[in-house]
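The values are calculated or read from the model by the stated rules, or taken from the named source; none is laboratory data. Fair warning: this is a prediction, and the values are worked out from it, not measured in the lab. Neighbour counts are summed over all protein chains in view; Cβ atoms, including those assigned to glycine, are modelled from backbone coordinates with ideal geometry.
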Amino acid sequence: MTVYRQHRDEVIEWLKGLDLDLFVTFNANRQTTLPKLKRDIAAWFGRIDRAALGRNWVKKTGQRALGVGFFEHFHSNLHCHVMMRMPQGGKALTKSDMMVTWRELCAPGQLHVERARSLGAVASYVTKGLASREAQDAFFLASEWHNR
């Protein structure tokens, strides 16, 4: 077993233990860079938190959306697969709300959202890019933006 495979297996087990129930793919549908796509996704998480939790959303760190994302296809069609949960205890947002918010930030981008029926299968899918050296540092935890 390679070190990358072992790392991926450990990440999959960790993801399966988190309270994440959505599988989301962020696609820019245009040429972009990893830092730019990451900024757009961070902005999306902020807007989703604001829409669900109201004007004091920044102070509600325990209620904010939680997500773990993995980037792939760095040289063509860069996109990000995310396991996440929506903000807790606020207004319920629809799949359409999520998609419109992404299009506002990243036109002509697309957002694919579905329930994570099998955490193991989704965790395996979102981490498939971890087999490459390039992807080892190309991930995020949405909570890294909770101090903003």
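Do we have any residue at all in region 91-102 that's in contact with a Phe, Trp or Tyr (Cβ under 8 Å, 6 or more places away or on another chain), part of a loop (DSSP other than H, G, I, E, B) and not basic (K, R)? Checked against the condition, which is being in contact with a Phe, Trp or Tyr (Cβ under 8 Å, 6 or more places away or on another chain), part of a loop (DSSP other than H, G, I, E, B) and not basic (K, R), region 91-102 yields no hits at all. Has region 110-118 got any residue that is more than 15 Å from the chain's Cα centre (by Cα) and in a helix (DSSP H, G or I)? No, region 110-118 contains no residue that is more than 15 Å from the chain's Cα centre (by Cα) and in a helix (DSSP H, G or I). Of the residues making up region 38-56, those that are crowded, with 21+ Cβ neighbours inside 10 Å and among the hydrophobic types (A, V, I, L, M, F, W, C) number 5. Close Cβ contacts (under 6 Å, 6 or more residues apart or on different chains) running from residues in region 102-121 that are under 17 Å from C80 (Cβ atoms) to residues that are surrounded by 11 or more Cβ atoms within 10 Å (Cβ to Cβ) and polar (S, T, N, Q) comprise P108/N29; G109/N27; G109/N29; Q110/N27; Q110/N29; H112/T25. Identify all residues within region 14-31 that are without any contact (Cβ under 8 Å) to a residue 60 or more places away in the chain and over 15 Å from L141 (Cβ atoms); write none if there are none. Q31 - this is the single residue of region 14-31 that is without any contact (Cβ under 8 Å) to a residue 60 or more places away in the chain and over 15 Å from L141 (Cβ atoms). For the subset of region 1-31 comprising residues that are out of contact with any Leu (no Cβ under 6 Å at 6 or more places or on another chain) and of a type in the set (D, E, K, R), which member is modelled with the lowest pLDDT? Per the stated criteria, the residue is R5. Only one of the numbered conditions (1) among the hydroxyl-bearing types (S, T, Y); (2) under 19 Å from Q110 (Cα atoms); (3) modelled with pLDDT under 95 is violated by T61, and that is (2). Here are some residues: A142, A131. Which one is over 16 Å from the mean Cα position of the chain (by Cα), aliphatic (A, V, I, L, M) and closer than 24 Å to E13 by Cβ? When all the criteria are applied, what remains is A131. The residues in region 119-148 that are surrounded by 16 or more Cβ atoms within 10 Å (Cβ to Cβ) and either more than 18 Å from H79 (Cβ to Cβ) or among the acidic types (D, E) (or both) can be counted, and the count is 3. Among the aliphatic types (A, V, I, L, M), closer than 17 Å to R8 by Cβ, in a helix (DSSP H, G or I) and touching a helix residue (DSSP H, G or I) at 6+ places or on another chain (Cβ under 6 Å), is that true of A42? Here the answer is no, as A42 does not meet what is asked. Out of (1) out of contact with any Lys or Arg (no Cβ under 9 Å at 6 or more places or on another chain); (2) assigned to a helix (DSSP H, G or I); (3) within 16 Å of L34 (Cα to Cα); (4) not small (G, A, S), what's the single condition that is false for H75? Unmet for H75, out of (1) out of contact with any Lys or Arg (no Cβ under 9 Å at 6 or more places or on another chain); (2) assigned to a helix (DSSP H, G or I); (3) within 16 Å of L34 (Cα to Cα); (4) not small (G, A, S): (2).
With respect to (1) aromatic (F, W, Y); (2) modelled with pLDDT of 95 or more; (3) in a loop (DSSP other than H, G, I, E, B), the lone exception for Y125 is condition (3). Inclusion of Q88 among residues that are in contact (Cβ under 8 Å) with a residue 12 or more places away in the chain, farther than 24 Å from A28 by Cα and either exposed (fewer than 13 other Cβ atoms within 10 Å of the Cβ) or within 17 Å of the chain's Cα centre (by Cα) (or both) is warranted.
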